[in-house]
Amino acid sequence: MTEFRDNRTAKTTGDASDGDGEFVEGDDASATDGGTAVRGERFSGGPARGFLSSMAADDRIFEADLAVDRAHVVMLAERGIVDDDEAGQILQALNVVEVEEHKGLPDGEDVHEAIESKVIAIAGDVGGKMHTARSRNDEVATCIRYRLREDVLDALDAVNDARAALVEVADAEAETLMPGYTHLQSAQPTTVGHWALSYAGALARDADRLLDAYDRVNESPLGAAAFAGTPFDVDRSRTAELLGFSGVVANATDAVAARDHLVEVASALANVATHLSGLAEDLVIFSNRGFVELDDAYSSTSSIMPQKKNPDTLELVRATAGDASAGLNGLLSTLKGLPRAYNRDLQNATPHVWSTIDAVTEATSVAAGAVATAEWPAEALAEAAGEGFSTATAVADVLAMADVPFRQAHEVLATASEDAEGDAPSVETIAAVVEDVLGEPMTAYADEATVAEALDPEANVAMRDSVGGPAPEAVASGVASAAEALSGDEAAVEGKRDALALAHETLQDEVSTYV
Ligand code: ARG
């Protein structure tokens, strides 16, 4: 058994690698230390062999490559480019490759070469017909898109779960008062429901972006060959259909060179991670102030200070914005300035999108769980809601509603606030300042009961019933529309999964007619 170290770490790969960055050749591998069926003796290896290899990272696209090979062979047979018997032998060999998994592949620069070598080793020379009318360039581009579709749908599930958790909190805590901040200073009373809806709205846009990106991922480059098409009478639409793609990337050079769909996905995920970093930061601060009680499952403790319950999981969610930003920047800087058509740099671009999607999807699920299980201590929150004279704006609004120019009303409350030194002033104090600044008794503008209401955090919140405001009825309608948008997006994800499952079955049925 030979072993070599791959230049890509295995951190972004699935379970078939040995997990510590090495790709270990299977016992039954047919390759020797010499060349493979694809590379011959001339490019049989050397000091840069591990550096060239993407075998470990390619574990992620092993299944995709088998599907792409199968669809290609079925199409070649349908077009009479290979005969049915030849197709059957190749497809049979691919079944063996599948059973022996990625870890059973022989040495190779990448999964595409290794699978082809193994097919030739199993089926004999006829296996060499599998690569007719294609190149690894269109092959890898197709494999990435094939696998990425599943990953985007998984990311969407996580984002939608987080939205569901937030909408549920918004519904349950629609009237739970809490302090609202700007610049992290007491600003105006709001509700937990209103806070939760603010993140549900942001994540809804992220879901839209991912759904939108999915449609551009879901196009087939297969049949573009190296970059300049093929003289064989291939049917690109047929392979696209067999693989569940909505159509083809038309220009053959664009088809092999394009990676902007990876950038789009990473960018949408960077937005998700950025939103979640804000949510996590809010929860870290709230838990510091006793405004939220995180479930033990989402907390950790100190190895030395036994009394501690720390919001570690949320700190890691917050940190995931760093992973996402690294992935996005890794992609952009790897892709910048690449000439047409294919360059091996592209091999290094791919793992950036896998690491981004893995980090963000996991963090999103954790954030969803933390939100779904958190408790909101209503009493502490209500007490804090009015702190720092957070009701001042509403009193100014009361005066402005009685036709006092808002700027003057603002001055009245600024003066009252200074006099009260941070606490809410009494109605009497406000009345005195009104008379002082405006030259008329307060009752000329508003009665004492109305001002007292504005000073009460609950009534204060209830006043702000504009669209998207925190008043209970505005939150209720926000909950209804967030829930509606969510179920629409969940249905969209399900529809895409169904389409993929159907294509998978169709391909299997086609394959079984040859084997
Ligand atoms: N492992 C390569 C990649 O990920 C596959 C394509 C290799 N193509 C080539 N012309 N060397 O991009």
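The values are calculated or read from the model by the stated rules, or taken from the named source; none is laboratory data. In this text the structure is predicted, and so the values were computed from the model without any measurement. Here Cβ is always computed from backbone atoms with ideal geometry, including for glycine, and neighbour counts include all displayed protein chains. Each accessible area value is taken on the protein alone, full model and side chains, heavy atoms only, with ligands, DNA and RNA left out. Shrake-Rupley method; radii C 1.70, N 1.55, O 1.52, S 1.80 Å.
Can you work out the base-10 log of I(q)/I(0) for segment 420-515 at q = 0.16, 0.17 1/Å, using the Debye formula on its C-alpha atoms alone? Taken in order of the listed q values, log10 I(q)/I(0) reads -0.84, -0.88. Straight-line reach from K129: taking Cα to Cα under 28 Å and skipping same-chain neighbours fewer than 8 places apart, the lysines in range are K103, K118. Here the Karplus curve 6.51 cos²θ - 1.76 cosθ + 1.60, taken at θ = phi - 60°, turns the phi angles of segment 85-93 into couplings of 5, 4, 4, x, 5, 5, 5, 5, 4 Hz, with x standing for Gly and Pro.
Evaluating 6.51 cos²θ - 1.76 cosθ + 1.60 at θ = phi - 60° for every residue in segment 201-212, the Karplus couplings come out as x, 5, 5, 5, 5, 4, 4, 4, 5, 5, 4, 5 Hz, glycine and proline recorded as x. For the peptides 492-499, 116-123, the ranking by packing is 116-123, 492-499, with the highest mean count of neighbouring Cβ atoms within 10 Å listed first. Under 5 Å from the amide H of N310 lie the amide H atoms of S300, T301, each residue being 5 or more positions distant or on a separate chain, with H modelled from the backbone and absent for Pro and chain starts.
Sequentially through segment 255-260, phi angles give Karplus couplings (6.51, -1.76, 1.60; θ = phi - 60°) of 4, 7, 8, 5, 9, 5 Hz, Gly and Pro residues having no value and appearing as x. With each label modelled as a point 7 angstrom along the Cα→C-beta vector, the E421-E383 pair spans 2.2 nm. Amide H contacts of T190 (H built 1.01 Å from N, in plane; Pro and chain starts excluded): M178, G180 sit under 5 Å, all sequence-distant by 5 or more or on other chains. For the pair S325 and A476, the difference between a 0.36 nm per residue extended length and the Cα-Cα distance amounts to 50.9 nm. Close amide H partners of N251, meaning residues 5 or more places away or on another chain with modelled amide H under 5 Å apart, do not exist here. The figure for L502 is an accessible area of roughly 110 square angstrom, using a 1.4 Å probe on the protein chains alone. Probing with 1.4 Å while keeping every protein chain in the model, the per residue accessible area of segment 392-515 equals 54 Å². Structural descriptor for segment 26-181: relative contact order 27 percent, calculated from alpha carbon pairs under 8 angstrom and at least 6 residues apart. Residues V111, V234, ordered by accessible area of protein heavy atoms at a 1.4 angstrom probe radius and largest first, appear as V234, V111. Only helices enter this figure: runs of n ≥ 4 DSSP H residues, each worth -39500 (n - 2.57), summed and divided by the residues of the chain, yield -20500 deg cm²/dmol at 222 nm to the nearest 500. For segment 258-348, trypsin sites (Lys or Arg not before Pro) meeting the loop criterion (DSSP other than H, G, I, E, B) and having at most 15 other Cβ atoms within 10 Å: R289, K308, K309, K336, R340, R344.
With only the Cα atoms considered, the chain has a convex hull volume of 180 Å³ per residue.
Please give me, ordered by residue number, the trypsin sites (Lys or Arg not before Pro) of segment 119-157 that lie in loop per DSSP and have at most 12 other Cβ atoms within 10 Å. Passing both the DSSP loop test and the Cβ count: no residue. A simple packing score, the average count of other Cβ atoms within 10 Å per residue, orders the peptides 184-195, 405-416 as 184-195, 405-416, with the highest score first.
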